[in-house]
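Chemist: Sharing a structure here in structure tokens format.
The values are calculated or read from the model by the stated rules, or taken from the named source; none is laboratory data. Predicted model, so just to flag it, every value in this text is computed and none were measured. Cβ sites come from the backbone with ideal geometry, for glycine too, and all protein chains shown count toward neighbours. Keep in mind that these areas ignore ligands, DNA and RNA; they rest on the heavy atoms of the full protein, side chains included. Shrake-Rupley method; radii C 1.70, N 1.55, O 1.52, S 1.80 Å.
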Amino acid sequence: MKINRLETVRVAAFPNLCFVRVYTDEGIVGLGETFFGAAEVESYLHGTAAPRLLGCDPLSVERLAQALRPYVGATSTGVEVRGNSAVDIALWDILGKVCGQPLYQLLGGATRDSVPVYNTCAGPEYIRTPGGQAVANWGLPESRHTRRYEDLEAFLHHADELARDLLASGIRAMKIWPFDPYAERWGGQYIRPEELQAALEPFRKIRAAVGDEMEIMVELHGLWNLPAARQILRALEEFRPVWIEDPLRPGYQPVTLRELTSVTSSVLALSETLAGRGAYLPLLEQGLVGVALVDVAWCGGVSEAKRIASLAEAYLTPVGFHDCTGPVALVASTHLSVSLHNVFVQEMVRAHYSGWYGELLSDLPPVEAGQIRPPPGPGLGTELRPDIVERAGTTTRVTSL
Ligand SMILES: [Mg+2]
């Protein structure tokens, strides 16, 4: 079997997403995806990756990962690694289809049939445009209840109602990020006392409404310097969050993180912004990671995600897989989550899952009573909906043998 064609698919309505399809001369096609800088990833895939992949055996997943290892750009979530992540996901999809087995079986089988989800409280339009991770790109509605699952608007203003609604659907954990507007106001250098109090309001509402029945994850999006992060973490302690995610600006030194962990008993979740085992190792070695967060479409793909999880396991550290980017990443992550025993929860965004994710893929991982499981078909168990390539505004680009 040979790879004879690499195709990228970009859909106008979702300009951050780049889908990849790897075709073989036996008619089997693998699907992958990555997020952010979609046009740049597309350019890399056709210019650099395709010439190394075409004509090769797609089942040699590891050999191809080595063939795609860049000379520079290898140690971050840059364009090369994001593109390679998408290819790796597609190659595992091909392998599963050839074997007639779902991806989780190839990874050693499921350790559980399903895992609990937590809801990342984004709305349907969150980070829809190429504006990056910024308040201006939150996609907030004009008015309340404009669309279903306006969970970002809800956590800012009605966190108590939101917590009750999630619990009623069987979801027992939620992630919110009420500190971001103040980080933007001060460039992450400072937070005023009244701003800190305003950002704590959703936590007060949740605890007053449902007590500890709802678990809370706090997302800080890597926006803060050390003194401000220290203040925020101290203030959050009384709300007993499951974890506090990415408090410091990326590029921090382990010693800076050590300074931060010394003021809190909260668990720190770090970090889907990292790629490759080498980036996690120094933080794990120094005991600074409470939960190792991994984005399968940024870290190097399914292959590297499994290695990072094994590394974390050696330090008795749980792993969590990132969603809130695109549907293929959620599907691949769900396969990983059920197969790895050091995963206790899978991220999902119900606003995306119940809305546009289903408009792009044939099958999504079923979610029932707050539990997610992989779709049953071979490989990922899903495909791009066939009409996508015919939609107005879809850009496909092909490099073939
Ligand atoms: Mg995050």
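Chemist: Among helices (runs of 4 or more DSSP H) lying entirely in region 321-396, which contain 3 or more residues that are open to solvent by 10 Å² or more (accessible area, probe 1.4 Å)?
Modeler: Working: elements: 327-339, 350-353, 356-360.
Result: 356-360.
Chemist: Now for a separate question. Can you tell which of Leu91, Leu54 is within 26 Å of Gly278 (Cα to Cα), at pLDDT 95 or above and hydrophobic (A, V, I, L, M, F, W, C)?
Modeler: One residue alone meets the criteria, Leu91.
Chemist: Another one. I'm checking my understanding of the structure. Among residues of region 304-320 that are open to solvent by 30 Å² or more (accessible area, probe 1.4 Å) and either in contact with a helix residue (DSSP H, G or I) (Cβ under 9 Å, 6 or more places away or on another chain) or in a loop (DSSP other than H, G, I, E, B) (or both), which one is nearest to the ligand (Cβ to nearest atom)?
Modeler: The extreme case among them is Pro318.
Chemist: Let me ask you something else. In this structure, does Pro15 turn out to be surrounded by 19 or more Cβ atoms within 10 Å (Cβ to Cβ), modelled with pLDDT of 95 or more and part of a loop (DSSP other than H, G, I, E, B)?
Modeler: For Pro15, the condition - surrounded by 19 or more Cβ atoms within 10 Å (Cβ to Cβ), modelled with pLDDT of 95 or more and part of a loop (DSSP other than H, G, I, E, B) - is not met.
Chemist: List the pairs whose first member sits in region 54-75 and is not assigned by TED's automatic domain parsing to the domain that holds Gly27, whose second member is assigned to a loop (DSSP other than H, G, I, E, B) and open to solvent by 40 Å² or more (accessible area, probe 1.4 Å), and whose Cβ atoms are under 8 Å apart, counting only residues at least 6 apart or on separate chains?
Modeler: Between residues of region 54-75 that are not assigned by TED's automatic domain parsing to the domain that holds Gly27 and residues that are assigned to a loop (DSSP other than H, G, I, E, B) and open to solvent by 40 Å² or more (accessible area, probe 1.4 Å), there is no close pair.
Chemist: Could you identify the single residue in Leu226, Leu283, Leu268 that is over 16 Å from the mean Cα position of the chain (by Cα) and under 27 Å from Ala65 (Cα atoms)?
Modeler: Details: Leu226 fails: under 27 Å from Ala65 (Cα atoms); Leu268 fails: under 27 Å from Ala65 (Cα atoms).
Answer to the selection: Leu283.
Chemist: Across region 215-239, what is the total count of residues that are surrounded by fewer than 21 Cβ atoms within 10 Å (Cβ to Cβ) and in contact with a helix residue (DSSP H, G or I) (Cβ under 7 Å, 6 or more places away or on another chain)?
Modeler: Total meeting the criteria: 6.
Chemist: Hey, another quick one. Only residues that are within 16 Å of the ligand (Cβ to nearest atom) and open to solvent by less than 20 Å² (accessible area, probe 1.4 Å): list them for region 242-265, please.
Modeler: Trp243, Ile244, Glu245, Asp246, Pro247, Leu248
Chemist: Just checking, how many residues over region 209-235 are within 16 Å of the ligand (Cβ to nearest atom) and of a type outside the set (Asp, Glu)?
Modeler: 10
Chemist: Further question on the same structure: Return yes or no: is Gly301 among the small types (Gly, Ala, Ser), touching a residue at least 60 places away in the same chain (Cβ under 8 Å), more than 14 Å from the ligand (Cβ to nearest atom) and in the same structural domain as Tyr118 (by TED's automatic domain parsing)?
Modeler: For Gly301, the condition - among the small types (Gly, Ala, Ser), touching a residue at least 60 places away in the same chain (Cβ under 8 Å), more than 14 Å from the ligand (Cβ to nearest atom) and in the same structural domain as Tyr118 (by TED's automatic domain parsing) - is met.
Chemist: Still on this model: Quick one: Thr24 ticks every box in (1) open to solvent by 50 Å² or more (accessible area, probe 1.4 Å); (2) at pLDDT 95 or above except a single one, so which number is it?
Modeler: Result: Thr24 passes all but (1).
Chemist: For region 38-108, which fully contained helices (runs of 4 or more DSSP H) count at least 1 residues that are farther than 21 Å from Leu401 by Cα and open to solvent by 10 Å² or more (accessible area, probe 1.4 Å)?
Modeler: Result: 38-44, 61-67, 79-99, 103-106.
Chemist: Right, another one. Could you please find all residues in region 305-330 being touching a residue at least 40 places away in the same chain (Cβ under 8 Å) and of a type in the set (Gly, Ala, Ser)?
Modeler: Hits for region 305-330 are Gly320, Gly326, Ala329.
Chemist: For Arg240, are the conditions met, namely being in contact with a strand residue (DSSP E or B) (Cβ under 9 Å, 6 or more places away or on another chain), touching a residue at least 12 places away in the same chain (Cβ under 8 Å) and charged (D, E, K, R)? Even if it seems obvious, please write down each step before you answer.
Modeler: Working: in contact with a strand residue (DSSP E or B) (Cβ under 9 Å, 6 or more places away or on another chain): yes; touching a residue at least 12 places away in the same chain (Cβ under 8 Å): yes; charged (D, E, K, R): yes.
Judged against the criteria, Arg240 is a match.
Chemist: Keeping to region 155-172, report how many residues are within 18 Å of Leu140 (Cα to Cα) and either of a type in the set (A, V, I, L, M) or within 24 Å of the chain's Cα centre (by Cα) (or both).
Modeler: Total meeting the criteria: 4.
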